[in-house]
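Just so it is clear, none of the values below were taken in a lab; they were calculated from the coordinates. Source: prediction; values computed, not measured. Backbone-built Cβ (ideal geometry, glycine too); neighbour counts: all protein chains shown.
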Amino acid sequence: MTTTKTTLRLIEKIAKIKQEIGVMSKDLTNPFFKSKYLDINQLLENIKPLEEKYRVSITQPLTHVGEKPAIALVIDDLDSDPNFEKEKDMQIREVTILPENTDPQKMGSIITYFRRYALVSYFEIQAEDDDGNHGASKTIISAPKVATTGQIKPNNSMLNAKQKAQKAIEDTKTLEELEKVAEHVKNSQILSSKEKESLMSEVDMKAMDFE
């Protein structure tokens, strides 16, 4: 792809990338819940040409916040001049603290998950199911209660439906309980499609505890 020589500021370049990245098809299936999700390699393949076009560098190095493991999303403007521009105009850096896990295989899955989540969230990428349903992953929030029947049990009248579902997901003790909560989320008449998409991402993360 031919690169574009531009005088756009970094924030303007990012806005252009968001506009051009388009809708992607979810091509992988979660083995536990048969839900579709975007492959990290597919994301990178779609983003790479836009990096070249707008002369930005996007990296995701591992780092730490205090003693906690974390992953950064770093976007550098390759056209910037450090002699004349402020650091905030040359680089954007966002850091996400990772859940701790002593199992190297599970930690690898967690890192891959959060790399994918960071890209989808920051670039506001919309994902399309094979059957044409649309949804966009936004925020992943760990929160905790679920009855053994798999029904969501509200324990705070101030919580909305999504927050109650998040509590239910966090408090599951077995894969069977988690499957029941996932089914409840899918069949909910209250949750929006975007809320369901976000919650199923949390279900996928929780499922790693039972591998």
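Details
- 5 angstrom amide H check on D39, placed H, neighbours 5+ away: D27, L28
- Sorting the segments 95-104, 108-117, 199-208 by their residues' average number of neighbouring beta-carbon atoms within 10 angstrom, most packed first, yields 199-208, 108-117, 95-104.
- Residue separation of Q42 and K68 scaled by 0.36 nm, minus their Cα-Cα distance, works out to 6.5 nm of gained length.
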